[in-house]
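The values are calculated or read from the model by the stated rules, or taken from the named source; none is laboratory data. Everything quoted here is computed from the prediction, not taken from an experiment. Here Cβ is always computed from backbone atoms with ideal geometry, including for glycine, and neighbour counts include all displayed protein chains.
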Amino acid sequence: MVTHQYCTNRTLENFNLEVLKKIGILDSRELTLDYDNTIIFNEKQDSKMTYKRDYGYQPGVCTVNEQFVLYIENRNGNSDAKSFQRDTLERIFNLLETKKVKKIKNFRADAASYQYDVVTLL
C-alpha cells in the first residue's frame, strides 16, 4: 500500500516569495512558472521506495523564469509526481494570489500534469 506524505512550510514559502519580490524577479513583464518533481535518492530512515526501485524523496519544485525557486513541497519517495498534484498547484496559485502576483504568462509542466483536475485548475 502506498502512503502519500507531504511536507509544506508556510514560513519558508512566504519568505521565499518576499525575497523574489525584493530582488526584483517578480517585476519582470512576463513570468513563466515551471513545475516538476524530482527524485532525491538517499538512505535516510524515513525514505520510501520510489518507482525507480531505490529509496528517496520526490519533492515538487516550482521555479520562476527557469532560474529562481518559488515553491518547494517535500514528498516521500512513493508519492509519484501525479498524485495530488492539483492540491500542490492550488497551494502555489493561492500563495501567488495572496501576495498579489498576477503577471503569470506561461505555465509549464511535464506529463504528470496532464490530468483533468490539473487542466481544469489551470
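What the table shows:
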read-out	value
Residue count, region 1-27 (criterion: surrounded by fewer than 11 Cβ atoms within 10 Å (Cβ to Cβ), within 16 Å of Gln67 (Cβ to Cβ) and under 14 Å from the mean Cα position of the chain (by Cα))	0
Verdict on Ala111 being free of Cβ contacts under 8 Å to residues at least 60 places away in the same chain, loosely packed, with under 14 Cβ neighbours inside 10 Å and more than 22 Å from Phe15 (Cβ to Cβ)	yes
Odd one out for Leu33, checked against (1) crowded, with 19+ Cβ neighbours inside 10 Å; (2) in contact with an Asp or Glu (Cβ under 7 Å, 6 or more places away or on another chain)	(2)
Qualifying residue in region 28-40 (condition: without any contact (Cβ under 8 Å) to a residue 40 or more places away in the chain, part of a strand (DSSP E or B) and under 18 Å from the mean Cα position of the chain (by Cα))	yes
Pair list, Cβ < 6 Å and 6+ apart or interchain, from region 89-101 residues that are surrounded by 15 or more Cβ atoms within 10 Å (Cβ to Cβ) and part of a helix (DSSP H, G or I) to residues that are at pLDDT 90 or above and not hydrophobic (A, V, I, L, M, F, W, C)	Ile92/Tyr71; Leu95/Glu13
From the options Glu73, Glu43, residue that is part of a strand (DSSP E or B) and in contact (Cβ under 8 Å) with a residue 12 or more places away in the chain	Glu73
